[in-house]
Structure formats: C-alpha cells, structure tokens
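The values are calculated or read from the model by the stated rules, or taken from the named source; none is laboratory data. All figures in this text were calculated on a predicted structure; none of them were measured in a lab. Reconstructed Cβ throughout: ideal geometry from the backbone, glycine too, with neighbour counts over all protein chains shown.
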C-alpha cells in the first residue's frame, strides 16, 4: 500500500472539490440531470483510493456514513426550502446535519465492525476517510435529488 498522508489527502480533496464545483456550477439548473451527475461525481474520489492501493470496500464504512449523512441532509434541506425558502434550507441543513451525523455514525460503526469480522482492512487514514466520506456524500445527495426531481417531481 502506498503512502496515504495528510498532504496527499488534502491535495486529493482540493482537486476533486474544484472538479465537483466546476461541473455542478455548469449544470445546476438541469434538475433532471443534476442527481445522476452528482452520483457520477461521487465515483471520482475512488481514483486516489485505487492509486494508493486501497480497495473501495475497505472504505465502505466512510462511504456509508457520507451517503446516509448527506442523503438525509438533502431531504431535510428540501423540506426546509419548501417551508421557508433559502432560510429554511439553511436551517434545515444545519440542524439536519447534526442529527444525520448521529444516525450515520451508527451505520458507519456497524459497517466497520462487519468489515473487521470479514477480515477486511478498514483502518482509517486521512486519504481513505476523506475520499470515502466525499464519495458517499455525493452519491447520497445525488440519489436524493434524482428521486426528488425525477420520480417525485418536486419543484423548487
């Protein structure tokens, strides 16, 4: 396994953040496409993981945490926006984040326990934690937006 220190993790987060912001900013008003696009962007953090020699499965506890955390946060923000516009989305997102961190932590811990029982290396490094959570967050909110705008046809 290659070195996975803080500098490599920071660089990976910065580069992927710039790519995600750029792609999303050019596609933000394509509501039917933005969810699937964000899901696809959620796969980009897997690249530095593979380069460093980590398996995607070994970071699944972080991916599960991110998907549950930001997926539920997206739901709460949509609900807040429907009741009180931008302020409702911000308050819903902020309060929802605290609540979802707790719930997502339950699943992250359970997934980590499962991986250890299966003999899968799941120890956390700056790179694996950041890339796993970033991937899960993008995938989770991408799924929520896909369901909200394509299946439920929610308008904001």
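Looking at the stretch 84-110, which of its residues are within 30 Å of residue 52 (Cβ to Cβ) and buried (at least 19 other Cβ atoms within 10 Å of the Cβ)?
The answer is 100, 104, 108.
Among (1) exposed (fewer than 15 other Cβ atoms within 10 Å of the Cβ); (2) touching a residue at least 60 places away in the same chain (Cβ under 8 Å); (3) within 14 Å of the chain's Cα centre (by Cα); (4) farther than 14 Å from residue 134 by Cβ, there is one condition residue 120 misses while meeting the rest; what is its number?
Failing condition for residue 120: (3).
Determine if the stretch 74-83 includes at least one residue that is surrounded by 20 or more Cβ atoms within 10 Å (Cβ to Cβ), under 23 Å from residue 12 (Cα atoms) and either at pLDDT 90 or above or touching a strand residue (DSSP E or B) at 6+ places or on another chain (Cβ under 6 Å) (or both). Steps first, answer last, please.
Going through the stretch 74-83, the residues surrounded by 20 or more Cβ atoms within 10 Å (Cβ to Cβ) turn out to be 74, 76-78, 80.
Still in the running and under 23 Å from residue 12 (Cα atoms): none.
No: the stretch 74-83 contains no residue that is surrounded by 20 or more Cβ atoms within 10 Å (Cβ to Cβ), under 23 Å from residue 12 (Cα atoms) and either at pLDDT 90 or above or touching a strand residue (DSSP E or B) at 6+ places or on another chain (Cβ under 6 Å) (or both).
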